[in-house]
Structures are given as structure tokens and as C-alpha cells.
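The values are calculated or read from the model by the stated rules, or taken from the named source; none is laboratory data. In this text the structure is predicted, and so the values were computed from the model without any measurement. So basically every Cβ, Gly included, is an ideal-geometry build from the backbone, and we count neighbours across all protein chains shown. For accessibility, only protein heavy atoms count, side chains too; no ligands or nucleic acids. Shrake-Rupley method; radii C 1.70, N 1.55, O 1.52, S 1.80 Å.
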Amino acid sequence: MKKQRHFITMRDVNVRELNSIFALAREIKSEYLQGIRKRYLEGKVLGLIFEKMSLRTRVSFESGMLQLGGGSVFLEDQHIGFGKRESVADIGHVLSSMVDAIVFRARRHKSVTDLAKYCGCPVVNALTDQAHPCQALADMLTIQEEFGTLEGIKIVWVGDSNNVAASLVEAAAMLGSEIVISSPEKYNFTEKQIKKLIGRSQTKGFSLTLEPDPVKAVRGAYAIYTDVWVSMGQEAEEEERKAAFSRYQVNESLMEKTKTDKTIFLHCLPARRGLEVTDGVIDSPASRIIEQAANRMHAQKGLLVWLLSEK
């Protein structure tokens with residue numbers, strides 16, 4: 001049996017393991033599109049703890065687990081009372097004695113790392129304030145499907161340097177993509193954060209550039225990626241953020257500045273149309289948001305099979 005593993009950030013797997021997860025995701029997705037539903041995880045149960053709202057994350061994990069022959073148990077924050085109703089240690093020990101893996105969508109990153117210390121089963125980070133590795137898996141799978149490779153592919157992040165962007169940088173460093181971050185200075189990664197995200201070694205083809213001018217940033221982009229300017233919990237900063245990010249909207253004019261017709265548009269959703277992106281872009285032929293969302297399920301299937309398979 002394989003040694004128990006967690007998936008809390010992209011750095012919890014190495015490049016070889018990450019490529020194995022992608023290979024499984026592609027294989028299982030190909031079977032799915034042919035109407036084949038192999039019961040890779042028959043009898044396995046996934047525990048889902050969600051402290052924040054979700055559409056894609058919950059449905060992709062529940063549907064994916066069901067299609068793999070297993071099942072899931074959904075637990076909202078009020079059912080758990082994480083660290084309040086009972087200790088984190090007791091929660092971890094009890095839950096991991098009943099389920100085969102735990103998916104945790106948490107307000108704080110520390111909550112996920114703390115829970116993992118006490119779990120006798122894999123813990124998967126389904127979003128924290130610092131990272132969203134499952135989203136990065138889907139993003140890279142989508143880009144790989146589009147261009148046939150990830151090495152040397154230029155990905156431009158436009159907007160807030162947030163948790164999604166952090167996991168994307170980690171993934172790019174491991175898989176050899178070129179990534180450009182275009183954010184206002186106040187909302188950019190610090191030098192300390194960047195060093196932590198890219199790690200000590202990077203794959204051939206990787207480069208990271210901080211370019212505050214979005215027009216310069218997008219030139220030659222294969223993929224332009226954005227996210228909401230105001231995330232859950234940041235509502236008090238809404239007006240300040242709208243002003244700071246006003247020139248970072250991904251619109252038709254910015255897409256034209258890539259100087260190439262092969263650029264695709266990505267967004268992790270939900271989107272606030274008319275703010276970070278216009279209808280003309282998100283509904284355009286260049287948009288891959290639906291494929292990207294669907295790949296959440298396929299990428300996570302690969303991850304779950306990799307984590308729970310006894311091979």
C-alpha cells in the first residue's frame with residue numbers, strides 16, 4: 001500500500017508525481033467521454049468539510065467520487081464547529097477513522113495544515129486564503145489540452161495576486177511554464193512569497209516576471225487568466241479594490257494586445273462580469289471557462305485515484 005499523502009499545496013507532490021496525476025486525469029476523462037465509468041474507488045468514502053460557499057468545488061468532488069464508484073459525506077461548518085465545538089485533534093482522529101480521505105475548504109490555511117496533523121487519511125485542500133491547488137490542477141490540464149504542452153507556455157495573470165495565482169505560480173515552476181503576474185504594487189506578491197512559491201528548483205522553461213502594466217504583460221500570451229477583484233471576506237475593501245484594479249480589466253482591447261490569435265481566456269469563476277472581465281471576452285470563442293470548470297472534476301479524479309489507489 002502506498003504511504004499516506006496529503007495535497008495541501010502543489011509542493012506536496014513532486015514533478016514526477018504531478019505528471020502521474022495528470023496522466024490519470026487524462027485517462028479517466030477519456031473514458032468518461034466514451035461513456036465508460038470504471039469503479040476505481042469502489043467502496044471508498046470522501047469526507048467534505050466546507051467553511052465557505054461552493055459550486056464547482058463541491059459538485060466536482062461529489063460527482064467525481066460517485067463516478068469513480070465511491071461516495072461522499074458533506075459537512076457544513078455549523079455541523080463541525082471546527083476548533084470550537086470540539087478540538088481539531090478529535091475531529092481529525094474521528095473523521096479519518098470513518099472516511100478514506102477528507103477534502104477541506106477552509107477560511108484559514110492553518111486550519112487545513114492543523115487538521116492534516118491528526119488525520120490517518122489524506123487531506124486535500126479545496127481552497128484556503130493562501131492556496132487553491134485543485135484549481136491549479138484543472139488550469140494546467142486545460143492549458144495542456146489546448147496547446148499539447150506546458151513547457152514554455154506563457155500564462156499571464158491579470159489582477160489580484162491571490163490564492164489562485166499563488167498555486168498557479170507553484171504549478172508553473174514545477175511544469176516549466178512561463179508566467180507573468182500583472183498586479184498593482186499593493187496587491188502583488190512579496191519577494192518572500194515568491195521565493196516560497198517557486199521553490200529551490202524549477203523545471204526547464206519556467207520563468208516568472210512581475211509586470212505591473214497589463215498591456216505589456218499580455219504580449220505573446222498563450223493564456224490570459226483573471227479572477228474577481230473582491231473575494232469572499234474582502235467586501236469591506238470593495239470600493240478601494242475596484243479603484244485599484246480599474247485598468248486591469250480583461251476586455252476586448254486587452255485581448256487584442258497579445259498580438260496573437262491563439263490566446264485563450266481563463267477564469268476560475270464565479271466571475272463579476274463588467275468588472276474584472278467583460279461579456280465580450282468571457283463569452284468569446286477564446287474563452288475556455290467551461291472546459292476549465294469541467295476539468296476541476298477530471299483533474300480531481302486523477303488526484304483522488306492517485307491518493308487512494310493501493311497500487
So, first residue part of a loop (DSSP other than H, G, I, E, B) in the stretch 107-125, second residue buried (at least 24 other Cβ atoms within 10 Å of the Cβ) and modelled with pLDDT of 95 or more, Cβ within less than 6 Å, six or more apart or across chains; the pairs are C121/A101; P122/A101
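Out of T128, T113, which single residue is of a type in the set (V, I, T) and surrounded by fewer than 23 Cβ atoms within 10 Å (Cβ to Cβ)? It would help to see each step written out before you state the result.
Numbers: T128 fails: surrounded by fewer than 23 Cβ atoms within 10 Å (Cβ to Cβ).
None of the others qualify; the one that does is T113.
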Being under 14 Å from I264 (Cβ atoms), surrounded by fewer than 24 Cβ atoms within 10 Å (Cβ to Cβ) and charged (D, E, K, R) narrows E151, E170, E146 down to just E146
Among residues of the stretch 256-311 being within 14 Å of K29 (Cβ to Cβ) and touching a Lys or Arg at 6+ places or on another chain (Cβ under 7 Å), the residue surrounded by the most Cβ atoms within 10 Å (Cβ to Cβ) is H298
Checked against (1) at pLDDT below 95; (2) more than 19 Å from P122 (Cα to Cα); (3) surrounded by 15 or more Cβ atoms within 10 Å (Cβ to Cβ); (4) more than 18 Å from the chain's Cα centre (by Cα), L75 satisfies every condition except (2)
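Please pick out the residue among G64, G69, G43, G47 that is assigned to a helix (DSSP H, G or I), at pLDDT 95 or above and not acidic (D, E).
Among G64, G69, G43, G47, only G64 is assigned to a helix (DSSP H, G or I), at pLDDT 95 or above and not acidic (D, E).
Considering each residue of the stretch 24-39, count those that are of a type outside the set (K, R), in contact with a helix residue (DSSP H, G or I) (Cβ under 9 Å, 6 or more places away or on another chain) and surrounded by fewer than 19 Cβ atoms within 10 Å (Cβ to Cβ), and give that number.
Summing the residues that are of a type outside the set (K, R), in contact with a helix residue (DSSP H, G or I) (Cβ under 9 Å, 6 or more places away or on another chain) and surrounded by fewer than 19 Cβ atoms within 10 Å (Cβ to Cβ) in the stretch 24-39 gives 3.
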Given the conditions (1) out of contact with any Lys or Arg (no Cβ under 6 Å at 6 or more places or on another chain); (2) open to solvent by 50 Å² or more (accessible area, probe 1.4 Å), every one holds for R56 apart from (1)
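Determine, yes or no, whether G176 is of a type outside the set (K, R), on the phi > 0 side of the Ramachandran plot, open to solvent by 10 Å² or more (accessible area, probe 1.4 Å) and more than 12 Å from the chain's Cα centre (by Cα).
Answer is no for this residue.
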Of (1) surrounded by fewer than 20 Cβ atoms within 10 Å (Cβ to Cβ); (2) modelled with pLDDT of 95 or more, I21 fails just (1)
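Mind telling me which of the residues L66, L41, L55 ends up being touching a residue at least 40 places away in the same chain (Cβ under 8 Å) and closer than 20 Å to V305 by Cα? Reasoning before the result, please.
Working: L66 fails: touching a residue at least 40 places away in the same chain (Cβ under 8 Å); L55 fails: closer than 20 Å to V305 by Cα.
L41 is the lone residue from the list that is touching a residue at least 40 places away in the same chain (Cβ under 8 Å) and closer than 20 Å to V305 by Cα.
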